[in-house]
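Engineer: Pasting a structure below so you can have a look.
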Amino acid sequence: MTADRRQREGPGSRGQGLGEEHSSLEPGTWNLAPTARPRPVLKWAGGKGRLLPELLARLPEGFAGYHEPFIGGGALFFALAGRVVSHPVYLSDANPALIDVYRALRDDADGVIAVLQRHRYDRDHFYRVRAQRPEELSLPERAARVIYLNKTCYNGLYRENRAGQFNVPFGRYKNPTICDEPNLRAASAVLQGVDIACRPFSTVLDAAQPGDFVYFDPPYVPASATANFTAYHRHGFGPDDQRRLRDVFAALAARGVRAMLSNSDTPLVRELYAGFRVEQVLAARAVNSKANGRGKVAEVLALNY
Ligand SMILES: C[S@@+](CC[C@H](N)C(=O)[O-])C[C@H]1O[C@@H](n2cnc3c(N)ncnc32)[C@H](O)[C@@H]1O
């Protein structure tokens with residue numbers, strides 16, 4: 001890790017990266033005295049909370065920049081923040097509503113919290129907020145709307161119809177926490193200086209440099225024809241996208257960028273990553289349209305190091 005690498009120019013190099021208080025540590029070193037570590041601020045389909053021990057056990061020993069191009073709920077990012085110092089940090093996703101949440105928390109946590117405190121758990125209020133047009137709202141209002149709908153909608157899912165409108169119905173909860181101010185502030189703290197953008201995964205090739213680490217958590221290849229959950233975003237994610245992703249994974253390896261990827265343990269995934277280290281892990285899956293599909297499912301982690 002050279003000094004000029006640490007001073008790299010660019011939007012992601014503005015702040016201290018993961019774990020604000022530990023900027024004196026070398027990037028990629030473990031912080032053995034974890035401080036307030038935020039939990040994910042959104043419940044997200046395919047969230048990796050249950051797989052965290054498997055992911056943490058396979059991280060490279062040290063790395064410079066950290067990239068997560070399918071950030072979703074950011075389970076690994078938030079688990080690392082406060083534990084590992086990495087610099088710079090790039091988080092992205094193809095879902096603009098999700099990116100609004102992280103940008104708003106980074107740039108105006110007070111604004112997000114103020115709007116969220118005005119929302120309440122009430123069916124009519126829920127449908128009024130759901131009907132709002134995001135393009136007519138300010139950034140903190142858009143972020144608060146997504147957080148509010150996530151905390152109060154059925155199953156805490158994010159799903160859009162073909163017109164790109166959030167369409168999950170009101171959910172039944174006992175007194176849901178709509179504004180978890182301490183956690184939102186902790187999330188805001190670890191997002192300072194982080195490059196956050198709505199962009200396709202392939203752009204990781206523009207930013208990643210030798211010595212960096214990338215975690216890819218794409219929409220999974222369906223384990224069966226009926227288990228097809230690709231509604232994160234109306235454009236879906238098909239076999240051609242999976243192939244393009246493998247090509248990006250291979251290009252990073254050739255460049256000295258370490259990458260880890262999670263996916264379902266399916267013939268297509270085994271075929272795509274045959275040239276790499278592939279390890280099976282068992283995880284409880286929370287999002288599945290069939291009740292009998294909620295048990296442990298076989299997933300794989302592919303590593304290019
Ligand atoms: C499995 S989820 C990630 C879950 C995340 N690791 C977590 O812990 O919550 C996959 C994410 O990929 C995003 N996505 C889908 N297609 C994409 C694309 N072409 N480029 C970037 N992100 C995409 C979705 O919006 C979704 O947030």
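The values are calculated or read from the model by the stated rules, or taken from the named source; none is laboratory data. This one's a predicted model, so the numbers in the text were calculated from it and none came from an experiment. Ideal geometry is used to build each Cβ from the backbone, glycine not excepted, and the neighbour counts take in all protein chains shown.
Engineer: I'd like the full set of residues that are touching a helix residue (DSSP H, G or I) at 6+ places or on another chain (Cβ under 6 Å) and within 18 Å of Gly73 (Cα to Cα), limited to the stretch 103-133.
Structural biologist: Listed by number, the residues that qualify are Ala104, Leu105, Arg106, Ala109, Val112.
Engineer: Could we say that Gly164 is outside the structural domain of Ala187 (by TED's automatic domain parsing), among the small types (Gly, Ala, Ser) and surrounded by fewer than 17 Cβ atoms within 10 Å (Cβ to Cβ) here?
Structural biologist: yes
Engineer: Look at the stretch 59-71 and say how many of its residues are of a type in the set (A, V, I, L, M, F, W, C) and more than 9 Å from the ligand (Cβ to nearest atom). Outline the logic, then answer.
Structural biologist: Start the filter on the stretch 59-71 by keeping residues that are of a type in the set (A, V, I, L, M, F, W, C), which leaves 59, 63-64, 70-71.
Next, only the ones that are more than 9 Å from the ligand (Cβ to nearest atom) stay: 59, 63-64.
The number of residues fulfilling the criteria is 3.
Engineer: Same structure again: If I filter the stretch 136-166 down to residues being more than 17 Å from Ala94 (Cα to Cα) and of a type in the set (D, E, K, R), which single residue comes out as nearest to the ligand (Cβ to nearest atom)?
Structural biologist: For the stretch 136-166, the residue satisfying everything is Lys151.
Engineer: What are the residue pairs meeting all of these: first residue in the stretch 195-219, first residue acidic (Asp, Glu), second residue within 13 Å of the ligand (Cβ to nearest atom) and not in a loop (DSSP other than H, G, I, E, B), Cβ atoms under 6 Å, and 6 or more apart or on different chains?
Structural biologist: Close Cβ pairs (under 6 Å, with a partner that is within 13 Å of the ligand (Cβ to nearest atom) and not in a loop (DSSP other than H, G, I, E, B)) amount to Asp195/Tyr90; Asp217/Ser262.
Engineer: Taking Asp124 and the conditions (1) assigned to a helix (DSSP H, G or I); (2) under 23 Å from Pro38 (Cβ atoms); (3) more than 20 Å from the chain's Cα centre (by Cα), which numbered condition does it fall short on, given that it satisfies the others?
Structural biologist: (2)
Engineer: Continuing with the same structure: In the stretch 189-220, which residues are buried (at least 22 other Cβ atoms within 10 Å of the Cβ), part of a loop (DSSP other than H, G, I, E, B) and not acidic (Asp, Glu)?
Structural biologist: Val194, Ala208, Pro219, Tyr220, listed by residue number.
Engineer: Taking only the stretch 72-110 into account, find how many residues are within 15 Å of the ligand (Cβ to nearest atom) and without any contact (Cβ under 8 Å) to a residue 40 or more places away in the chain.
Structural biologist: Qualifying residue count for the region: 3.
Engineer: Now for a separate question. Restricting to the stretch 230-246, name every residue that is more than 9 Å from the ligand (Cβ to nearest atom), within 19 Å of the chain's Cα centre (by Cα) and either at pLDDT below 95 or closer than 22 Å to Arg106 by Cα (or both).
Structural biologist: Ala231, Arg234
Engineer: Next up: Run down Leu51, Leu56 and say which single residue is at pLDDT below 95, near the ligand (Cβ under 9 Å from one of its atoms) and farther than 26 Å from Arg172 by Cβ. Steps first, answer last, please.
Structural biologist: Values: Leu56 fails: near the ligand (Cβ under 9 Å from one of its atoms).
Only one candidate qualifies: Leu51.
Engineer: Asp100: closer than 30 Å to Arg172 by Cα, of a type in the set (Asp, Glu) and at pLDDT 95 or above, yes or no?
Structural biologist: Here the answer is yes, as Asp100 does meet what is asked.
Engineer: Does the stretch 92-128 hold any residues that are under 13 Å from Leu42 (Cβ atoms) and among the hydrophobic types (A, V, I, L, M, F, W, C), and which are they?
Structural biologist: Quick first cut of the stretch 92-128, residues under 13 Å from Leu42 (Cβ atoms) only: 93, 95, 97-102, 104-105, 112, 116.
Ala97, Leu98, Ile99, Val101, Ala104, Leu105, Val112, Leu116 - these are the residues of the stretch 92-128 that are under 13 Å from Leu42 (Cβ atoms) and among the hydrophobic types (A, V, I, L, M, F, W, C).
Engineer: Any residue at all in the stretch 171-179 that's touching a strand residue (DSSP E or B) at 6+ places or on another chain (Cβ under 7 Å) and outside any loop (DSSP other than H, G, I, E, B)? Explain how you work it out, then say what you get.
Structural biologist: Here is the first cut: in the stretch 171-179, the residues touching a strand residue (DSSP E or B) at 6+ places or on another chain (Cβ under 7 Å) are 171.
Then drop every residue that is not outside any loop (DSSP other than H, G, I, E, B), which leaves none.
Looking through the stretch 171-179, none of the residues is touching a strand residue (DSSP E or B) at 6+ places or on another chain (Cβ under 7 Å) and outside any loop (DSSP other than H, G, I, E, B).
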